[in-house]
Every structure is written in structure tokens, then in C-alpha cells.
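Trainee: Structure incoming, see below.
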Amino acid sequence: MKKISVLGSTGSVGTQTLDVVAKHSEHFQIEGLAAGNNTDLLLEQIQQFQPRKVSVATRELAERIKTEVPVGTEVYYGDEGLIEIAAGTDADMVVTAVMGSLGLPSTLAAIEAGKTIGLANKETLVTAGHIVTALARQKGVKLLPIDSEHSAIFQCLNGERRGDLAGITLTASGGSFRDLTREQLKSVTVEDALKHPNWSMGAKITIDSATMVNKGLEVIEAHWLFGLPYEKIRVLLHPESIIHSFVEFCDTSIIAQLGNPNMRVPIQYALTYPERWNSPAERLSLAEVGKLQFREMDMKRFPCLRLAFECGKMGGTAPTAFNAANEVAVARFLRGEISFLHIEAIIERVLEKHINIIDPQFESIEVCDKETRRIASVL
């Protein structure tokens, strides 16, 4: 039986991970759950999965739920609680599904403890890919991608020689506004932005999909996961989200991974790797789909993707600044403080002010993240 801890258990990826675990309950045991503020859902999860340890965002929330958890379940909180769930249980695998740069310290702690990582927190590699991948190699820890695009690339590369790889292509749905012009984007609302045409995701990642920041973060993550230069990473607009990504080899052969949009499939593959188990997901019928569409990515229409490539190539703290500026900007947009197009304006202005530090250590990354957030909050 595989023992698992889930960081971000009440979020979109976390709840779907627990759905997969429940479908195969005879094979999995939940050791730890870490949530933020959604204690009602966390308490339901605790009753169902009986974890040994749980964590919430604050001391107040921890005190509130202590009287409602089963005897023997230990309750933690805050950053230390996240780290305890990541590294302080008997889990064989830790699914990192917390949003944003919050996931970095806990992921590093899990790697240090020798846990296999089911990676759904792309910001971890974006902000500190050089540190995370080096530590994983040192500890002999597997980083198993859960994002559908990276899972697709991972599957396509199984059994292949990396030296034969000519490049990879990440596909992008285009998000909620893929067919709108720049002029039309000036008047879009939060409600409009949250209507993703293909995927069911949390609010922040849905906005990131519309700005194409999400794809930019995935490009940087792919660079670290697969050890590829940015010149070998492409992005292609694919509205149907049927081809999740594909790889091309030196002989011009292309191998792609296809399926209906359903995050439970890549989640299950990470949990069961290297095996494949039956899934309740709907099977793909290409005859019913009828046709698949593709468009070259327009960097003028989606400037955030261009900025992500530029930051990735710069390296150092530039990707950290890109990510932190976006997190603040998206939060401000969701609160109704700024317009949709102001998100990219904030990111660009932050990067203009950024002084890049090459090969930063963890402390420099933390300082950069904090300072970037301060600047982005007032632009």
C-alpha cells in the first residue's frame, strides 16, 4: 500500500487527487493533509481518509478544528505545519498542490526527507528550479509531473533516448479569451475570465490561463523537469485541449499524448507510476471530436508568454520576479482593484525594475519574492 500526503488538499488538484485515492482505496493510505482556510472541507476529508497529521493556515483555525478531528490525528498550522505534512509523516509520496511560491519550502523539505514528489505546484520549479532539481538528484528523489502538459511530455519520453529529442511542444487552450482582440480585452470582467472553456480549475490558475502566464510558467517548469534549453520548447494554441503536448525526435517523428480534458488522469498516472490502472474518465473518441485545430502562438496577443520566455532565458531571480508579480496582480484583479490588462502591465513594469541575481540561493529568492510583491502591490 502506498502512503501519501497531500499539500493543498482542499484545492482543485488536491480534491481530485483524493478522488483518485478514493477510487483505489485498497491501494492507498493518506498519511497527511495540508489545507489553507477551508476547514469545513478539510474536516470532511479527515473523516473520510483518517490521516495521522493535518495542517491549516493559522493557529486560530488549528485550535478550532482540534476538537472535531478523530483521536490520534495531530493538528499543525502555518508554514511549519506544511513542512510537517511534507516531511514528518511516513508517506512514500507527497503531492504538492498548494498554489504559488508557498509550496517551495515544503517541497524542499519533502525531497530532503526522500519522498517521491507528485509535482502540481509549478511555481516551485519556476522560482528555484536549480535548487529543487539539484537536491532531487542528490537525494535520488523522483519528480513526477502532475500538470497535464508535463505529464504528457513525461509519458512521450518513456523509453526514449534523450539525445534523440529535437524538441517538445506544450499545447495551450488559449483560456477564456482566446478569440478576443486586445481591444475587446479592455472591458472583460472577473466573471468572464473565470469561465474556462475546457478545464475545471481554481480561480488563480484560470486567470493565468487567460493571460497565458500559466503556459509561461509551464515553459520554465519544462526547462527544469526535462533539462531542455528554451530553444527546444515551443507552445502551440490548441483550442480543444485533446493533445496535451507532444515531442519531436531527430528523425522528424512526433509522439503525442491525447485524451479528454480530465486532471484525474495525469494525477492517477503520477500516483501509480510506472503502472497504469483503470480510470473512470471518459474515453476519447476522435470520431466524435471530428477535427482538431492548431494555431501558432501570437506573442503580441499574449505578451505574458513572451515575458516568461525572456525571464526563463535570463535565469537567476527573473522567473521569481515574474511569478511573484503575477500572483499579486491576479489577486488584485480578482478583488476588482485592477483591470484584466493591468495584470500584464504590472508584470512588465516589475521586470523593468528588477535587478537580476544569477544562481541565487534560497535566501536571495525569498528576498526577491518579498520585494517584488511589495512593488507589484502599488503599481
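Trainee: With the condition kept exactly as written, say whether any residue in region 55-66 is open to solvent by less than 70 Å² (accessible area, probe 1.4 Å), closer than 29 Å to residue 275 by Cβ and within 23 Å of the chain's Cα centre (by Cα). Step through it out loud before you land on a result.
Mentor: Within region 55-66, the subset open to solvent by less than 70 Å² (accessible area, probe 1.4 Å) is 55-58, 61-62, 65.
Restricting the remaining residues to those that are closer than 29 Å to residue 275 by Cβ gives none.
Within region 55-66, not a single residue is open to solvent by less than 70 Å² (accessible area, probe 1.4 Å), closer than 29 Å to residue 275 by Cβ and within 23 Å of the chain's Cα centre (by Cα).
Trainee: Still on this structure, I have one more. Restricting attention to region 242-256, and to residues there that are hydrophobic (A, V, I, L, M, F, W, C), over 15 Å from residue 148 (Cα atoms) and touching a residue at least 24 places away in the same chain (Cβ under 8 Å), which single residue is surrounded by the most Cβ atoms within 10 Å (Cβ to Cβ)? Steps first, please.
Mentor: Step one: list which residues in region 242-256 are hydrophobic (A, V, I, L, M, F, W, C), which gives 242-243, 246-247, 249-250, 254-256.
Imposing the further condition that a residue be over 15 Å from residue 148 (Cα atoms) reduces the set to 249-250, 254-255.
With the extra rule that they be touching a residue at least 24 places away in the same chain (Cβ under 8 Å), the set shrinks to 249-250, 255.
Working: 249: 17, 250: 11, 255: 15.
Restricting to residues being hydrophobic (A, V, I, L, M, F, W, C), over 15 Å from residue 148 (Cα atoms) and touching a residue at least 24 places away in the same chain (Cβ under 8 Å), the top hit is 249.
Trainee: Restrict the check to region 181-195 and report whether at least one residue is surrounded by 15 or more Cβ atoms within 10 Å (Cβ to Cβ) and in contact with a strand residue (DSSP E or B) (Cβ under 9 Å, 6 or more places away or on another chain). Show your work before the answer.
Mentor: Residues of region 181-195 that are surrounded by 15 or more Cβ atoms within 10 Å (Cβ to Cβ), as a first pass: 185, 188, 193-194.
If we keep only those that are in contact with a strand residue (DSSP E or B) (Cβ under 9 Å, 6 or more places away or on another chain) too, we end up with none.
No, every residue in region 181-195 fails to be surrounded by 15 or more Cβ atoms within 10 Å (Cβ to Cβ) and in contact with a strand residue (DSSP E or B) (Cβ under 9 Å, 6 or more places away or on another chain).
Trainee: Keeping to region 1-24, report how many residues are at pLDDT below 95 and surrounded by fewer than 22 Cβ atoms within 10 Å (Cβ to Cβ).
Mentor: Qualifying residue count for the region: 2.
Trainee: Still on this structure, I have one more. Among the numbered criteria (1) crowded, with 19+ Cβ neighbours inside 10 Å; (2) over 25 Å from residue 137 (Cα atoms); (3) modelled with pLDDT of 95 or more, which single criterion is violated by residue 36?
Mentor: (3)
Trainee: Another question, if that's okay. Among the candidates 39, 116, which residue alone is without any contact (Cβ under 8 Å) to a residue 60 or more places away in the chain, among the β-branched types (Val, Ile, Thr) and under 24 Å from residue 272 (Cα atoms)? It would help to see each step written out before you state the result.
Mentor: Working: 39 fails: under 24 Å from residue 272 (Cα atoms).
Sole residue among the options that is without any contact (Cβ under 8 Å) to a residue 60 or more places away in the chain, among the β-branched types (Val, Ile, Thr) and under 24 Å from residue 272 (Cα atoms): 116.
Trainee: Pairs only if they're at least six apart or on different chains, beta carbon under 7 angstrom, first in region 187-200 and more than 15 Å from residue 261 (Cα to Cα), second at pLDDT 90 or above and surrounded by fewer than 14 Cβ atoms within 10 Å (Cβ to Cβ); list them, first residue then second.
Mentor: 190/336
Trainee: For region 47-76, name all the residues that are out of contact with any Asp or Glu (no Cβ under 8 Å at 6 or more places or on another chain), under 17 Å from residue 90 (Cα atoms) and not in a strand (DSSP E or B).
Mentor: Narrowing region 47-76 to residues out of contact with any Asp or Glu (no Cβ under 8 Å at 6 or more places or on another chain): 47-50, 56-75.
In the following step, the residues that additionally are under 17 Å from residue 90 (Cα atoms) were identified as 49-50, 72-75.
Matches in region 47-76: 49, 50, 72, 73.
Trainee: With respect to residue 31, determine if the residue is crowded, with 20+ Cβ neighbours inside 10 Å and among the charged types (D, E, K, R). Break it down into steps so the answer makes sense when it comes.
Mentor: Working: crowded, with 20+ Cβ neighbours inside 10 Å: yes; among the charged types (D, E, K, R): yes.
Spelling it out, residue 31 is indeed crowded, with 20+ Cβ neighbours inside 10 Å and among the charged types (D, E, K, R).
Trainee: Which condition breaks for residue 307 when tested against (1) open to solvent by 20 Å² or more (accessible area, probe 1.4 Å); (2) farther than 19 Å from residue 99 by Cβ?
Mentor: If we test residue 307 against (1) open to solvent by 20 Å² or more (accessible area, probe 1.4 Å); (2) farther than 19 Å from residue 99 by Cβ, just (1) comes out false.
Trainee: Output the number of residues of region 18-46 satisfying the condition of being over 20 Å from residue 101 (Cα atoms) and either basic (Lys, Arg) or outside any strand (DSSP E or B) (or both).
Mentor: Residues in region 18-46 being over 20 Å from residue 101 (Cα atoms) and either basic (Lys, Arg) or outside any strand (DSSP E or B) (or both): 18 in total.
Trainee: Within region 108-133, count every residue that is modelled with pLDDT of 95 or more, polar (S, T, N, Q) and part of a helix (DSSP H, G or I).
Mentor: Total meeting the criteria: 1.
Residue-by-condition table, conditions (1) open to solvent by 10 Å² or more (accessible area, probe 1.4 Å); (2) not aliphatic (A, V, I, L, M):
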residue: 43; (1), (2): yes, no
residue: 49; (1), (2): yes, yes
residue: 72; (1), (2): yes, yes
residue: 105; (1), (2): yes, yes
residue: 118; (1), (2): no, yes
residue: 126; (1), (2): no, no
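Trainee: Another one. Scan region 351-367 and report the pairs whose first residue is of a type in the set (Phe, Trp, Tyr) and whose second residue is surrounded by 13 or more Cβ atoms within 10 Å (Cβ to Cβ), with Cβ atoms within less than 7 Å and a gap of 6+ or a chain change.
Mentor: Partner pairs satisfying both residue conditions: 362/128; 362/131.
Trainee: Search region 134-173 for residues being assigned to a helix (DSSP H, G or I) and in contact with a Gly (Cβ under 8 Å, 6 or more places away or on another chain), and hand back the single one that is most open to solvent (accessible area, probe 1.4 Å). I'd like the intermediate steps shown before the answer.
Mentor: Start the filter on region 134-173 by keeping residues that are assigned to a helix (DSSP H, G or I), which leaves 134-139, 148-156, 162-164.
If we keep only those that are in contact with a Gly (Cβ under 8 Å, 6 or more places away or on another chain) as well, we get 139, 162.
Numbers: 139: 80, 162: 123 Å².
Per the stated criteria, the residue is 162.
Trainee: Out of (1) touching a residue at least 60 places away in the same chain (Cβ under 8 Å); (2) assigned to a loop (DSSP other than H, G, I, E, B), the odd one out for residue 323 is which?
Mentor: With respect to (1) touching a residue at least 60 places away in the same chain (Cβ under 8 Å); (2) assigned to a loop (DSSP other than H, G, I, E, B), residue 323 is out only on (2).
Trainee: Only helices (runs of 4 or more DSSP H) wholly contained in region 179-293 count here; list those with 3 or more residues that are under 23 Å from the mean Cα position of the chain (by Cα). Even if it seems obvious, please write down each step before you answer.
Mentor: On the way: elements: 182-185, 190-193, 203-211, 213-226, 264-272, 286-289.
Helices (runs of 4 or more DSSP H) meeting the threshold: 190-193, 203-211, 213-226, 264-272.
The values are calculated or read from the model by the stated rules, or taken from the named source; none is laboratory data. Only a predicted model underlies this, so the values are computations on that prediction, with no experimental measurement involved. Note that each Cβ is placed from the backbone with ideal geometry, even for glycine, and that neighbours are counted across all protein chains shown. Surface accessibility is based on the protein's heavy atoms, side chains included, excluding ligands, DNA and RNA. Shrake-Rupley method; radii C 1.70, N 1.55, O 1.52, S 1.80 Å.
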